[in-house]
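Down below is the structure, laid out as structure tokens.
The values are calculated or read from the model by the stated rules, or taken from the named source; none is laboratory data. Owing to the predicted nature of the structure, the values given are computational and were not obtained by experimental measurement. Here the Cβ positions follow ideal geometry from the backbone for every residue, glycine too, while neighbour counts run over all protein chains shown. Remember, those area values only see protein heavy atoms, side chains included, never the ligands or the DNA or RNA. Shrake-Rupley method; radii C 1.70, N 1.55, O 1.52, S 1.80 Å.
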Amino acid sequence: MRKHLLFVFGFIAFSFSLNAQNVSGIIKSKNTGAVLAFASVTIKDSPTGTTSNENGFYSLNLRPGKYILVFRFVGYATQHQTVEVGNFDKKLDIIMQEQETQLPDVVVGNGEDPAYAIIRHAIKMKNIYSDPMDSFTCEAYIKTLMKTRKLPERFFGKKITDNDRKQMGVDSAGKGTIYLSESVTRVAHVKPDDTKLQILSGRESGSNGYGFNFPIFLNFYQNNINVLMGSFNPRGYVSPIADGALNFYKYKLLGTFEDDGKLVNKILVTPRRNYEPVFSGIINITDSDWRIHSLDMLLTKTSQLQILDTVNIKQINSKVLPGIWMTTNQSIFFTFNFLGIDAVGSTLDVFSKFNNHPDFPKKYFNKIVAAYDTAANKKDSVYWDSVRPVQLSVEEEKDFHIKDSIYKASNDSAHTKARIDSLRKQQGKVSLGNVFISGFTRSDYKPDNYTSWKWEPLLRNIEYNIVEGFVVKASSTFTHYFNKWQRPVSFTPSVRYGFSNTHLNVYGIVNIPGRMIKDGDQTINQHGTNWIISGGKNISQFNNENPISPLINEIYTLIDKRNYMKLYEKYFAGIRFSKDYRNGFKFYISANYEDRLPLNNITDFSIANKNRVFTPNYPIEKLDSQFTHHQALLFTTGIDFTPGMKYIQFPYGKVPLGSKYPTISFMYQKGINNIFGSDVNFDKWKFSVRNSMNLKLAGTFKYNVAVGGFLNTKKVYIQDYQHFNGNQTIYASEYLNSFQIAPYYANSTTAGFYATANIEHHFNGMLTNKIPLFKRLNWNLVTGANAFYVNSNNNYVEAFAGLENIFKILRVDIVTSYLNGQQGSFGIRLGFGGLFSFSNNR
């Protein structure tokens, strides 16, 4: 019986497929002859439709009957084409004509262009149209493509080999598709701002990844628009119909045209000033109800666009439900030519299946804002052919086929002896250059229980200080993956030798993460746990937050004969456990034992300023002589809590997405006396709040404020004081956690209470876009202040102003300070701060 039912169902499906015929063709411009990529094709009075691909090709499967097809493309007249579908496929090429407009006979007494009145109407209506449904669901098809047109011979000094080009999928000239993905995502929304994405399917050419799955919502009814998630301009861009748009734009009515019985006003939008965060292009506004009909907007370097050269946005709005118009077709094209890489890209979002009466389960909207279906990246080509609203181009089909075949073949052979031997051979022999200059990584490529070895280059670990002399440090990390426990355990041994004091220090760190799950192209610590075990003998700064780096100290020691870094030696053992509960709450606890030994200056070698005398190797502002040898057993625990944290839910774990609320932290440390010979006895605490606030056009405001103190000070050694991270070098110390021209130890304290505050405002182009040179270079203003207060005799304030994003990486600040209410010092600080900076922020 079951076989008979399967036969009947199969016959019905087969019959339906026979009855559905294909209508396809190429859509071109009558004016230029060029193909029209991503044109909208719909059946009149029906949600069924498709979109042309990058070659202008469209395809629709329709049952026999008579249809009216509606072809739309921004800047072109909507075309209606009646087609009768019979028992055979039908070819229907479409030639679209640029929209012809007529200038209305409008006379404005003050000589103002009629476009301004239309824009004012649109501004008044925008809040109604911005979010027209109390709740809704829809589906979004997203296709993302990136191609290179040229690659440099070298990238950051490394030669791009033929094998590199082959793995990227480009030819010898550097041309080819380097990224291609498509996905289908269900969007759910409830007013005012609850949105949840369900990723139904996703694929990425040449990998098992999910691809780019988040539709790009560009709502031009909003005042501020983030393009490409704000990565290339955190200020966002002013909408042409924003509340204050008339202060940023000039408008010109080019004419009117009729579309489906509606009169549409075609308006040219141009910036009032260059180097403002604004668009240029065409916006079409319907007459009488003042909706956005469609638009074609452009961003360039003069729009404060960074890295990218151009971004072109095309949108078509359609009636998706009675009385409700939404964006149904959106394409974004971008180009960039940076560091010798010449590339173009596009994203296409097609929205369909709108439902304004969804029935959401209770508590459907929660901290999970995007969830992936278990089988999202496991769909076959038959599925994609059935759901894709836009036909792939021949080039895209070829890219998926070739790269997916290579990926599958590579996976199928990954566990074979020949494949493993080949991978091992490709690693090459370890050279002296690897040992001293570049470092290296080696793996045995065993499929189940692999072992890898990473070597840090020796030259990078050569130091000089006056308590050890010249120092050589060798460090390496061994990682073994335990398949039974599904976690990689790493061991990092280090050996450090000082040539002047002849001390040999050997120590090691073991890192044991929680269960690691491979989820598409993500590797997730499933339970968010981590253990760190360490021990051995090493040196440390008196301030364990390491306010000065060994390299900077080395430069100042050799060039200026100043030994800012104060060091001691210790035998130590420690264990730390941490857990991320994936609800905004993190917890850690640790126990550390240190046998602390003093170190004294042993050499006075310096290249310059030979008459200057090095200071003793201890904080002379707090100690009259070197500290005494002692032991310390420390217990530390703390929490971090970020309310409103949002997450992406993959099938096997969650990944944090961020929160608009600040992070609240609390730390408690106990110095335990008389256990394992410990000499310390104190209790200290710290409470802090930190956040980064994107104020859109006004810039980004960051702050980190804290209070703390000692509850018990029966026995506190200098290493356990509350230190305020000072800086006496020209290189900027950690922003938002230090004081740029304060001394390192002069203000260290064991007081019962203290307070600190670090604030910064990044203007992100505001103000500097009025200065001719700065606006062209995209150098941005940054200002702020840092302060701490212990008592009336121990307080400090510094204020600074500077420029960042210099060459996309550098930041320069001018800083002035006040110590205990009196004028302190003045200095210049150089650091990292820009689009590509490594940043001085931790």
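Given (1) over 22 Å from the mean Cα position of the chain (by Cα); (2) surrounded by 15 or more Cβ atoms within 10 Å (Cβ to Cβ), identify the lone condition not met by Asn600.
Among (1) over 22 Å from the mean Cα position of the chain (by Cα); (2) surrounded by 15 or more Cβ atoms within 10 Å (Cβ to Cβ), the lone unmet condition for Asn600 is (2).
Would you check which residues across the stretch 59-72 are out of contact with any Gly (no Cβ under 9 Å at 6 or more places or on another chain) and open to solvent by 30 Å² or more (accessible area, probe 1.4 Å) and list them?
The answer is Asn61, Arg63, Lys66, Tyr67, Ile68.
Counting just the residues of the stretch 123-159 that are part of a loop (DSSP other than H, G, I, E, B) and open to solvent by less than 30 Å² (accessible area, probe 1.4 Å), which one comes out farthest from Glu204 (Cα to Cα)? Talk me through it step by step, then tell me what you get.
First, pick out the residues of the stretch 123-159 that are part of a loop (DSSP other than H, G, I, E, B): 131-134, 151-153, 156-157.
Checking the rest, the ones that are also open to solvent by less than 30 Å² (accessible area, probe 1.4 Å) come to 133, 151-152.
Values: Met133: 33, Leu151: 22, Pro152: 25 Å.
Going through the qualifying residues, I end up with Met133.
From the list Lys252, Lys262, exactly one residue is farther than 20 Å from Asn127 by Cα, at pLDDT 95 or above and of a type in the set (D, E, K, R). Which is it? Don't jump to the end; show me each part of the working.
Numbers: Lys262 fails: at pLDDT 95 or above.
Of Lys252, Lys262, the one residue that is farther than 20 Å from Asn127 by Cα, at pLDDT 95 or above and of a type in the set (D, E, K, R) is Lys252.
Which residue pairs have Cβ atoms under 7 Å apart, sit 6 or more places apart or on different chains, and have a first residue in the stretch 141-162 that is among the β-branched types (Val, Ile, Thr) and a second that is assigned to a loop (DSSP other than H, G, I, E, B) and open to solvent by 50 Å² or more (accessible area, probe 1.4 Å)?
Every condition considered, the pairs that remain are Ile142/Phe212; Thr144/Phe212; Thr148/Lys175; Ile160/Glu153.
Considering only the stretch 318-337, state which residues are part of a strand (DSSP E or B) and without any contact (Cβ under 8 Å) to a residue 12 or more places away in the chain. Walk me through how you get there before you give the answer.
So in the stretch 318-337, the residues part of a strand (DSSP E or B) come out as 318-321, 324-337.
Across the stretch 318-337, the qualifying residue is only Lys319.
Looking at the stretch 303-324, which of its residues are more than 25 Å from the chain's Cα centre (by Cα) and under 18 Å from Pro215 (Cα atoms)?
Quick first cut of the stretch 303-324, residues more than 25 Å from the chain's Cα centre (by Cα) only: 315-324.
Those that are more than 25 Å from the chain's Cα centre (by Cα) and under 18 Å from Pro215 (Cα atoms): Gln315, Ile316, Asn317, Ser318, Val320.
Given the options Ser578, Ser606, name the one that is at negative phi, part of a loop (DSSP other than H, G, I, E, B) and of a type in the set (Gly, Ala, Ser).
Details: Ser578 fails: part of a loop (DSSP other than H, G, I, E, B).
When all the criteria are applied, what remains is Ser606.
What residue, of Ser288, Ser205, Ser280, is small (Gly, Ala, Ser), touching a helix residue (DSSP H, G or I) at 6+ places or on another chain (Cβ under 6 Å) and either surrounded by 21 or more Cβ atoms within 10 Å (Cβ to Cβ) or more than 28 Å from Ala376 (Cβ to Cβ) (or both)?
Values: Ser288 fails: touching a helix residue (DSSP H, G or I) at 6+ places or on another chain (Cβ under 6 Å); Ser280 fails: touching a helix residue (DSSP H, G or I) at 6+ places or on another chain (Cβ under 6 Å).
Being small (Gly, Ala, Ser), touching a helix residue (DSSP H, G or I) at 6+ places or on another chain (Cβ under 6 Å) and either surrounded by 21 or more Cβ atoms within 10 Å (Cβ to Cβ) or more than 28 Å from Ala376 (Cβ to Cβ) (or both) holds for just one of Ser288, Ser205, Ser280, which is Ser205.
State whether the residues of the stretch 752-763 include one that is within 24 Å of Ile664 (Cβ to Cβ), touching a His at 6+ places or on another chain (Cβ under 9 Å) and either of a type outside the set (Gly, Ala, Ser) or modelled with pLDDT of 95 or more (or both). Explain how you work it out, then say what you get.
Going residue by residue through the stretch 752-763, those that are within 24 Å of Ile664 (Cβ to Cβ) are 752-762.
Still in the running and touching a His at 6+ places or on another chain (Cβ under 9 Å): none.
Looking through the stretch 752-763, none of the residues is within 24 Å of Ile664 (Cβ to Cβ), touching a His at 6+ places or on another chain (Cβ under 9 Å) and either of a type outside the set (Gly, Ala, Ser) or modelled with pLDDT of 95 or more (or both).
Any idea how many residues of the stretch 728-762 are touching a helix residue (DSSP H, G or I) at 6+ places or on another chain (Cβ under 8 Å) and surrounded by fewer than 19 Cβ atoms within 10 Å (Cβ to Cβ)?
Of the residues in that region, 1 qualify.
Every residue in the stretch 411-437 that is outside any loop (DSSP other than H, G, I, E, B), farther than 17 Å from Asn163 by Cβ, open to solvent by less than 70 Å² (accessible area, probe 1.4 Å) and not hydrophobic (A, V, I, L, M, F, W, C), please.
Of all residues in the stretch 411-437, those outside any loop (DSSP other than H, G, I, E, B) come to 411-412, 417-426, 432-437.
Among the residues that remain, those that are also farther than 17 Å from Asn163 by Cβ are: 411-412, 417-418, 420-421, 432-437.
Then drop every residue that is not open to solvent by less than 70 Å² (accessible area, probe 1.4 Å), which leaves 420-421, 433-435.
Once the filter is applied, which keeps residues that are outside any loop (DSSP other than H, G, I, E, B), farther than 17 Å from Asn163 by Cβ, open to solvent by less than 70 Å² (accessible area, probe 1.4 Å) and not hydrophobic (A, V, I, L, M, F, W, C), the stretch 411-437 yields Asp421, Gly433, Asn434.
Do we have any residue at all in the stretch 54-63 that's free of Cβ contacts under 8 Å to residues at least 60 places away in the same chain, within 18 Å of Ile316 (Cα to Cα) and not in a strand (DSSP E or B)? Walk me through how you get there before you give the answer.
Of the stretch 54-63, the ones free of Cβ contacts under 8 Å to residues at least 60 places away in the same chain are 56, 60-63.
Now narrow it down to the ones that are within 18 Å of Ile316 (Cα to Cα): 56.
Next, from what is left, pick out any that are not in a strand (DSSP E or B): 56.
Among the residues of the stretch 54-63, at least one is free of Cβ contacts under 8 Å to residues at least 60 places away in the same chain, within 18 Å of Ile316 (Cα to Cα) and not in a strand (DSSP E or B), which makes the answer yes.
Can you pull out the residues in the stretch 342-396 that are under 28 Å from Ile26 (Cα atoms) and open to solvent by 50 Å² or more (accessible area, probe 1.4 Å)?
Lys353, Asp380, Ser381, Val382, Tyr383, Asp385, Ser386, Val387, Gln391, Val394, Glu395 - these are the residues of the stretch 342-396 that are under 28 Å from Ile26 (Cα atoms) and open to solvent by 50 Å² or more (accessible area, probe 1.4 Å).
I'd like the residue in the stretch 25-45 that is over 39 Å from the mean Cα position of the chain (by Cα), free of Cβ contacts under 8 Å to residues at least 60 places away in the same chain and open to solvent by 40 Å² or more (accessible area, probe 1.4 Å) and, out of all such residues, is farthest from Asn312 (Cα to Cα). Outline the logic, then answer.
First, pick out the residues of the stretch 25-45 that are over 39 Å from the mean Cα position of the chain (by Cα): 25, 30-33, 43-45.
Remaining after also requiring free of Cβ contacts under 8 Å to residues at least 60 places away in the same chain: 32-33, 43-45.
Narrowing further to those that are open to solvent by 40 Å² or more (accessible area, probe 1.4 Å): 32-33, 44-45.
On the way: Thr32: 19, Gly33: 20, Lys44: 28, Asp45: 30 Å.
Among them, the one singled out is Asp45.
State the number of residues belonging to the stretch 774-788 that are open to solvent by less than 20 Å² (accessible area, probe 1.4 Å) and either more than 18 Å from Leu308 (Cα to Cα) or without any contact (Cβ under 8 Å) to a residue 12 or more places away in the chain (or both).
4
So for the stretch 96-108 (the condition being over 32 Å from the mean Cα position of the chain (by Cα), closer than 27 Å to Phe351 by Cα and open to solvent by 60 Å² or more (accessible area, probe 1.4 Å)), does at least one residue qualify?
Pass one, the stretch 96-108, residues over 32 Å from the mean Cα position of the chain (by Cα): 96-108.
Keeping just the survivors that are closer than 27 Å to Phe351 by Cα gives 96-99.
Applying the additional criterion that residues be open to solvent by 60 Å² or more (accessible area, probe 1.4 Å) yields 97-98.
Yes, the stretch 96-108 contains a residue that is over 32 Å from the mean Cα position of the chain (by Cα), closer than 27 Å to Phe351 by Cα and open to solvent by 60 Å² or more (accessible area, probe 1.4 Å).
If you go through the stretch 557-572 one residue at a time, do you hit one that is within 29 Å of Phe470 (Cα to Cα), over 29 Å from the mean Cα position of the chain (by Cα) and among the β-branched types (Val, Ile, Thr)? Can you show your working first?
So in the stretch 557-572, the residues within 29 Å of Phe470 (Cα to Cα) come out as 557-572.
With the extra rule that they be over 29 Å from the mean Cα position of the chain (by Cα), the set shrinks to 557-572.
Of the ones still in play, those that are also among the β-branched types (Val, Ile, Thr) are 557, 559.
Yes, the stretch 557-572 has at least one match.
I want to confirm something. Restricting to the stretch 789-836 and keeping residues that are in contact with a strand residue (DSSP E or B) (Cβ under 7 Å, 6 or more places away or on another chain) and in a loop (DSSP other than H, G, I, E, B), which single residue is surrounded by the most Cβ atoms within 10 Å (Cβ to Cβ)? First the steps, then the outcome.
Just the residues of the stretch 789-836 that are in contact with a strand residue (DSSP E or B) (Cβ under 7 Å, 6 or more places away or on another chain), to begin with: 789-790, 794-806, 809-820, 824-835.
From the residues that got through so far, the ones that are in a loop (DSSP other than H, G, I, E, B) too are 809, 820, 833-835.
Working: Ile809: 15, Asn820: 13, Gly833: 26, Gly834: 20, Leu835: 17.
By that ranking, first place goes to Gly833.
Could you please give the count of residues in the stretch 22-37 that are among the hydroxyl-bearing types (Ser, Thr, Tyr) and not in a strand (DSSP E or B)?
Going through the stretch 22-37 one residue at a time, the tally reaches 1.
Is at least one residue of the stretch 351-369 touching a Gly at 6+ places or on another chain (Cβ under 7 Å) and farther than 28 Å from Ile43 by Cα?
Looking for residues that are touching a Gly at 6+ places or on another chain (Cβ under 7 Å) and farther than 28 Å from Ile43 by Cα, one finds none in the stretch 351-369, hence no.
Return the pairs, sorted by first residue and then second, in which the second residue is at pLDDT 95 or above and in a loop (DSSP other than H, G, I, E, B), the first residue lies in the stretch 274-285 and is within 9 Å of Ser303 (Cα to Cα), the beta carbons are less than 7 Å apart, and the residues are 6+ apart or on different chains.
Close Cβ pairs (under 7 Å, with a partner that is at pLDDT 95 or above and in a loop (DSSP other than H, G, I, E, B)) amount to Glu276/Phe248; Val278/Phe248; Phe279/Pro240.
If we keep just the residues of the stretch 525-539 that are β-branched (Val, Ile, Thr) and within 30 Å of Tyr647 (Cα to Cα), which is least open to solvent (accessible area, probe 1.4 Å)?
Let us first name the residues in the stretch 525-539 that are β-branched (Val, Ile, Thr), namely 529, 532-533, 539.
So of that shortlist, the ones also within 30 Å of Tyr647 (Cα to Cα) come out as 529, 532-533.
Values: Thr529: 28, Ile532: 57, Ile533: 72 Å².
Filtering first and then ranking leaves Thr529.
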